[in-house]
1. Quick one: pull the percent of accessible area on segment 77-132 belonging to carbon and sulfur, 1.4 Å probe, ligands and nucleic acids left out.
2. To the nearest 20 debye, what charge dipole does segment 52-187 have about its Cα centre, counting +1 at the Cβ of each Lys and Arg and -1 at the Cβ of each Asp and Glu?
3. Counting GluC sites (Glu not before Pro) as exposed when in a DSSP loop with at most 12 other beta carbons within 10 Å, what is the longest stretch of the chain free of them?
4. Considering only 154, 232, 113, whose Cα is most displaced toward the positive end of the charge dipole of the chain, charges sitting on Cβ of Lys, Arg (+1) and Asp, Glu (-1)?
5. Run the count for segment 110-242, please: Lys pairs, Cα-Cα under 30 angstrom, 8 or more apart or on different chains.
6. Just flag the chymotrypsin sites (Phe, Trp or Tyr not before Pro) in segment 12-107 sitting in loop per DSSP whose Cβ has no more than 15 other Cβ atoms within 10 Å.
7. Using only Cα atoms and rounding to the nearest 10 degrees, what angle (0 to 90) does helix 208-219 make with the longest principal axis of the chain?
8. How big is the charge dipole of the chain about its Cα centre, in debye rounded to the nearest 20, if each Lys and Arg gets +1 on its Cβ and each Asp and Glu gets -1 on its Cβ?
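The values are calculated or read from the model by the stated rules, or taken from the named source; none is laboratory data. Note that the structure is predicted; figures quoted are calculated from it, not measured. Cβ coordinates were reconstructed from backbone atoms using ideal geometry, including for glycine residues, and neighbour counts include every protein chain displayed. Areas reflect the complete protein model, heavy atoms only, side chains present, ligands, DNA and RNA absent. Shrake-Rupley method; radii C 1.70, N 1.55, O 1.52, S 1.80 Å.
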Amino acid sequence: MQFISLVALATIITLSSAETLEEKAKRAGLVPIPASKNEILKLVDDFRNPITDAKIELGQKLYFDPRLSKSGLLSCNTCHNLAIGGADGLSTAIGHKWKDNPHHLNSPTVYNSVFNAVQSWDGRNPDLEDQVQGPIQAGAVMAAPKELIVQRITSIPTYVNEFKNAYGDNVRIDFKKIADTIALYERTLVTPSRFDTFMLGNENALSQAEKEGLDTFISKGCTTCHYDIGIGGTMQPFEVVN
Ligand code: HEC
Ligand code: HEC
C-alpha cells in the first residue's frame, strides 16, 4: 500500500517537473493572441457590424479626426496616441478646454482593449461600441453633442461617400453608425508580441530572463486576475464585476 503511494508520488513529481513553462502558463489560464491576421480578425469580429477594409479605413479616419470634438482640437488619438502605446503618458488626461479629468483618471491604452471583458476603469461599458459614445459627448473629454457630430460628418462629402462605400448607398449616418465605425477600427488594434509567439510553441521567443519573469508571474499568483488572452483580457476591475 505504502509502496504504491510512493510510486504514485514519484510519478506525479516526474510529471510536474516535466511540465514546460508554456504548459504551466496555459494551465494558469494564459492564452496567446493568434499569429495570423485572419485568425485575429475572426477573434475580434462582431456579427452586428462585420469587419471590412472599407469600414476599418473609415473608422481610422474618424479616430484621428479632431472635428469629432466640440473645439475641433481633440481627437481620440490625442489621448490614445497610437504612436506611443495607445495612451498619452499623462497621469491625468487633459480634455476639453485643456482641463484635467475631474476624477483624475488617466487614459488607458486602446491597444488590445477589444479583449477586455468590460471597458473603462469602473467597467461601466460592456463593449467598445458602447464605450466610444462616452468620450465624444462627455463635457470633460470632447464635449460634442450627438447632433453636432452628425451634422459635421454629413456636411463633409468625402465622409458621406466613404460611409456609402462602407455600408451601402442607403446608409443612415447617425451618431451610432459613427460610433460603431470607430469601435470597429479599435477592434483591429491588436498587438501580438513575442510572449504570444512563445505561447504558440516557439520556446526561443522569450529570453531566459523573460521566461523567469513569466514563471514568477505565474507562481506569485498574478495570473489569478491577469489570465486569458492579452494577459488580462478578462481582467475585472476591483469590486465592480465578479
Ligand atoms: C481627453 C482625453 C481623451 C479623449 C479625447 C478620448 N479618451 Fe478614451 N479615455 C480617456 C480616459 C481618461 C479614459 C478612462 C475613463 C474612465 O474610466 O472613466 C478613457 C477610456 C477609453 C477606453 C477604455 C479602455 C479600457 O481599457 O478600459 C477606450 C476604448 C477609449 N477611451 C476610446 C476612446 C475613443 C474611441 C475616443 C474618441 C472618440 C476617446 N477614447 C477619446 C481619455 C480620452
Ligand atoms: C486581485 C487581482 C489582481 C492580482 C492578483 C494582480 N493584479 Fe495586476 N491589476 C489588477 C487590476 C484590477 C488592475 C487594474 C486594471 C484595470 O482596471 O484596467 C491591475 C493592473 C495591473 C497593471 C497595469 C496594467 C495597465 O494596463 O496599466 C500591471 C502591470 C499589473 N496589474 C501587474 C500585476 C502583477 C505583476 C501581479 C502579480 C505580482 C498582479 N498584477 C496581480 C488585478 C490584479
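1. Values: 1670 of 3040 Å².
Summing carbon and sulfur atoms, their accessible area is 55 percent of the total for segment 77-132.
2. Values: 14 positive and 15 negative charges, 76 e Å.
The calculation lands at about 360 debye.
3. Numbers: sites that count: 19, 239.
Counting only loop sites that pass the neighbour cut-off, the longest clear stretch is 20-238.
4. It is 154, whose Cα lies furthest towards the positive end.
5. Working: 146/164; 146/176; 146/177; 164/176; 164/177; 211/220.
Here the count comes out as 6.
6. Answer in residue order: 47, 64.
7. Once rounded, one gets 90 degrees.
8. Numbers: 23 positive and 28 negative charges, 132 e Å.
In total the dipole reaches around 640 debye.
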